[in-house]
1. Say we look at the stretch 284-306 and pick out the residues that are under 30 Å from ARG379 (Cα atoms) and of a type in the set (D, E, K, R); which of these is nearest to the ligand (Cβ to nearest atom)?
2. Sort out which residues of the stretch 356-368 are more than 16 Å from the ligand (Cβ to nearest atom) and buried (at least 24 other Cβ atoms within 10 Å of the Cβ), and write them in order of number.
3. Could you please give the count of residues in the stretch 282-308 that are buried (at least 24 other Cβ atoms within 10 Å of the Cβ) and touching a residue at least 60 places away in the same chain (Cβ under 8 Å)?
4. Could you check the stretch 136-216 for strands (runs of 3 or more DSSP E) lying wholly inside it with 3 or more residues that are within 14 Å of the ligand (Cβ to nearest atom) and under 20 Å from ASP289 (Cβ atoms)?
5. Consider THR237 carefully, then state whether it is among the hydroxyl-bearing types (Ser, Thr, Tyr) and either within 16 Å of the ligand (Cβ to nearest atom) or over 23 Å from PHE282 (Cβ atoms) (or both).
6. Suppose we keep only residues that are in contact with a strand residue (DSSP E or B) (Cβ under 8 Å, 6 or more places away or on another chain) and outside any helix (DSSP H, G or I) within the stretch 310-329. Which one would you say is nearest to the ligand (Cβ to nearest atom)?
7. May I ask you to list the residues in the stretch 351-396 that are touching a His at 6+ places or on another chain (Cβ under 9 Å) and of a type in the set (Ser, Thr, Tyr)?
8. If ASP386 passes every condition in (1) within 16 Å of the ligand (Cβ to nearest atom); (2) charged (D, E, K, R); (3) within 18 Å of ALA49 (Cα to Cα) but one, which one does it miss?
Amino acid sequence: MHPVAHSLFKGRHARLRRVRAAGTLAGFVILSAAACRRDGATVGGTGGAPGFAGGSGFDGSPGGSGGAGGAGGAGGADVEMGIDAGDAGADADAGSKVDANTQPDAGSKVDAGSTTDAGNGLVDAGPPTTLRAAAARTHRLIGAALGAAHLSEAAYAATAATELDFATPENEMKWETTEPAQGSFDFSGGDAIVAFAQANDMKVKGHTLVWHSQLPDWVSNLTNATDLHDAMINHITQEVSHYRGQVIAWDVVNEAVADSGVGLRDDIFSELLGAGYIDDAFKAARAADPAVLLVYNDYGAEGSGAKSDYVYNMVKGMLSRGVPINAVGLQMHTGPADSPSATAVAANMQRLALLGLNVFVSEMDVQICTSDLNAQSARFHDIVADCAQAPLCLGVTVWGLTDKYSWLNGMTCATPQPLLFDDNYLPKPAHAGVMNAFLGL
Ligand code: XIL
């Protein structure tokens, strides 16, 4: 069984459907009943296991197999057959009240027989006290960007291991770090994070293969399209091969779309290679790892607007051309105001789900230069709730663990305090906001 499927899809109410995503490799998709509706009216519903779209090797069988499921599937996915994992009709419907029989509610009686913490095999004995236990209640992942240099700090490591079941290397897998000279690879930093994650039963998302920023000089200095294309394909092939089986997802292309949303960013890739480089990058990643989730990741495209529409149309086009893409990462670097609104983010998640694409909230932080911890908590809550209620949202990653190491420190203000733990690793109100969101509160 695919490790992600194993940890996420043991819920009793997941539906396993074998899907041939249009033009992508044959694979399995696990979709909740709501996500499979052709009318698309109600891609929602609190709780329930999220579905995986695309990729091969998702042969998980949560809760065993049962009767045949109905035809359905999001646009772009060709459902060949369905296997109902049991308890047909028991899923919470969109907007309906959480049913204690289908999804344990926080504060309500815990169904100790049905819910376990992610991967550790222990049955939850009461209300969850950690983020990962709360996220597991709705079969989502909760993660943070981690820095290898911090892992030797006891409080950092302990907080990450206790609270999280998902990790993204903040910088260690970027091109300038992994291939500082052409053909000379250094995976030591990424390997350290993978080792830490494996030791603590955490999944890892690779970040990132092709991005205009944090590029080594030798790439930035290329002037020939063939040289750049060859370098890109080789970089992807080497790095994805190195981490094959060790990461569940890759941010294949990062921030390729212009802020205006009218086209691609004017960077070395689009200039020398044209728009086709994105398709080529995803194909190279798939060739190097047939099972990993392939993600397009960007900021400013989380809710509604020109950039969000551009990303939507771009990934829709990729699917129609048979390009292997499985998910969109919504970075979510925000402030405490409801902008982009949680409603718009939910709608965006829904339309991407109707393409058959998973989503991640991939880099969330909420800067509060005015120190409004409660507004920050509400903001985290509302976005995490979007993910918990979107059947194809796989999890939430916060862009850092403790405020003291946030990449935003000193940017818009000295101490934007954008994360879930303060400088002393004490949980902030936002920690409770995230917990509550995963618990449907
Ligand atoms: C940031 C890191 O957090 C910093 O440490 C680094 O100096 C710059 O990059 N979008 C992304 C991330 O996809 O890789 C960025 O990470 C933040 C914005």
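The values are calculated or read from the model by the stated rules, or taken from the named source; none is laboratory data. Remember, predicted model here, so these are calculated numbers, not experimental data. Don't worry about glycine lacking a Cβ; one is built from the backbone with ideal geometry, like all the others, and counts go over all protein chains shown.
1. Initial filter on the stretch 284-306 (under 30 Å from ARG379 (Cα atoms)): 293-306.
Right, trim to of a type in the set (D, E, K, R) and you get 298, 302.
Details: ASP298: 8, GLU302: 13 Å.
If we take residues in the stretch 284-306 being under 30 Å from ARG379 (Cα atoms) and of a type in the set (D, E, K, R), then ASP298 is nearest to the ligand (Cβ to nearest atom).
2. Narrowing the stretch 356-368 to residues more than 16 Å from the ligand (Cβ to nearest atom): 356-358, 368.
Listed by number, the residues that qualify are GLY356, LEU357, ASN358.
3. Number satisfying all stated conditions: 7.
4. Working: elements: 141-146, 166-169, 203-211.
Of the strands (runs of 3 or more DSSP E) lying wholly inside the stretch 136-216, those with at least 3 residues that are within 14 Å of the ligand (Cβ to nearest atom) and under 20 Å from ASP289 (Cβ atoms) span 166-169, 203-211.
5. Values: among the hydroxyl-bearing types (Ser, Thr, Tyr): yes; either within 16 Å of the ligand (Cβ to nearest atom) or over 23 Å from PHE282 (Cβ atoms) (or both): no.
No, not satisfied.
6. GLY329
7. Residues satisfying the conditions are SER362, SER377.
8. Result: ASP386 fails condition (1) only.
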